[in-house]
Amino acid sequence: MTNGFIKENERIDDLQRNGYKIIQDPCRFCFGMDAVLLSGFARAKEGDRVLDLGTGTGIIPILMEAKTDAAHLTGLEIQEESADMARRSVKLNGLEDKIDIVTGDIKEAVLLFGKSSMDVVTSNPPYMIGQHGLTNPHSEKAIARHEVCCTLEDVVSAAAALLKPGGNFFMVHRPFRLAEIMTVLSAYKLEPKRMRLVYPFIDKEPNMVLIEANRGGRSRLTVEKPLIVYKEQGVYTDEIYDVYGY
């Protein structure tokens, strides 16, 4: 290991928050803007217990630790290589007392953590349905992007069981699945409360949707103003710079 933390092909990236850094391997899978936007959209109060389903290399728990007063955060990840990187990133930032990384399956999350054990659940789940067009469905990138190891319903049902009554679920997904998302959330008594569409440019269609749902909440949805990513090619809007902490 180089520097006692990173292995061959890995790199350490600066997260621009609290001096925190993250270990990534570009040959496997690196976090994207969707994870960063979700960490900015999600909310956690002082004393909250937070669980991130499918945490990858731990980007969401690390950024939420920097941005919120949550008491404790946990990342659940099925791929041991990614979980190992996440644990080393937690150690690199001296956050072992605040963040745990657990290797495990979302389908077994309730057995791992207990029913109604969390105040907040977050997830940046795989967006693509099935394995169509995949040359290697077992690769790290395939598992992160396609519903190989878990489906939307797996994620939502786990979140519903893990949340305390009144707890909040935050997710980033793709707008083309919005009707399905709302149907599945309602089926598991997670009431959509807040939604924000993300547009790459002001004149383009949205390519991400951020959603907050409340366990057992009343029916009332606030649609927030659009989030525009780029002013022009290669230049972020002020709001995106703020989310990234630049």
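Any chance you could count how many residues in the range 159-173 are in contact (Cβ under 8 Å) with a residue 60 or more places away in the chain and under 14 Å from the mean Cα position of the chain (by Cα)?
Residues meeting the conditions: 5.
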Cβ pairs under 6 Å, 6+ apart, first in the range 33-49 and touching a residue at least 60 places away in the same chain (Cβ under 8 Å), second crowded, with 21+ Cβ neighbours inside 10 Å and in a loop (DSSP other than H, G, I, E, B): 34/124; 35/124; 38/124; 44/70; 48/70
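On the given criteria, is residue 203 surrounded by fewer than 17 Cβ atoms within 10 Å (Cβ to Cβ), out of contact with any Phe, Trp or Tyr (no Cβ under 8 Å at 6 or more places or on another chain) and closer than 25 Å to residue 31 by Cβ? Outline the logic, then answer.
Values: surrounded by fewer than 17 Cβ atoms within 10 Å (Cβ to Cβ): yes; out of contact with any Phe, Trp or Tyr (no Cβ under 8 Å at 6 or more places or on another chain): yes; closer than 25 Å to residue 31 by Cβ: no.
No: the conditions fail for residue 203.
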Residue 242 being closer than 17 Å to residue 34 by Cα and exposed (fewer than 14 other Cβ atoms within 10 Å of the Cβ): yes
Checklist (1) touching a residue at least 60 places away in the same chain (Cβ under 8 Å); (2) buried (at least 22 other Cβ atoms within 10 Å of the Cβ); (3) polar (S, T, N, Q) applied to residue 16, failing item: (2)
Test result for residue 176, surrounded by fewer than 18 Cβ atoms within 10 Å (Cβ to Cβ) and part of a helix (DSSP H, G or I): yes
Subset tally (residues that are modelled with pLDDT of 95 or more, among the polar types (S, T, N, Q) and crowded, with 24+ Cβ neighbours inside 10 Å) for the range 56-86: 0
Output for the range 111-134, where each listed residue is farther than 23 Å from residue 43 by Cα, surrounded by 15 or more Cβ atoms within 10 Å (Cβ to Cβ) and at pLDDT below 95: 128, 134
Residues of the range 182-197 satisfying the condition of being part of a helix (DSSP H, G or I) and touching a helix residue (DSSP H, G or I) at 6+ places or on another chain (Cβ under 7 Å): 184, 185
Residue count for the range 198-231, restricted to those that are of a type in the set (Lys, Arg), assigned to a strand (DSSP E or B) and at pLDDT 95 or above: 1
Contacts under 8 angstrom Cβ, first residue in the range 86-105 being touching a residue at least 24 places away in the same chain (Cβ under 8 Å) and over 12 Å from residue 71 (Cα atoms), partner assigned to a loop (DSSP other than H, G, I, E, B) and among the hydrophobic types (A, V, I, L, M, F, W, C), 6 or more apart: 88/5; 91/5; 92/5; 103/78; 104/78; 105/78; 105/149; 105/150
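The values are calculated or read from the model by the stated rules, or taken from the named source; none is laboratory data. In this text the structure is predicted, and so the values were computed from the model without any measurement. We place every Cβ from the backbone using ideal geometry, glycine too, and count neighbours over all the protein chains shown.
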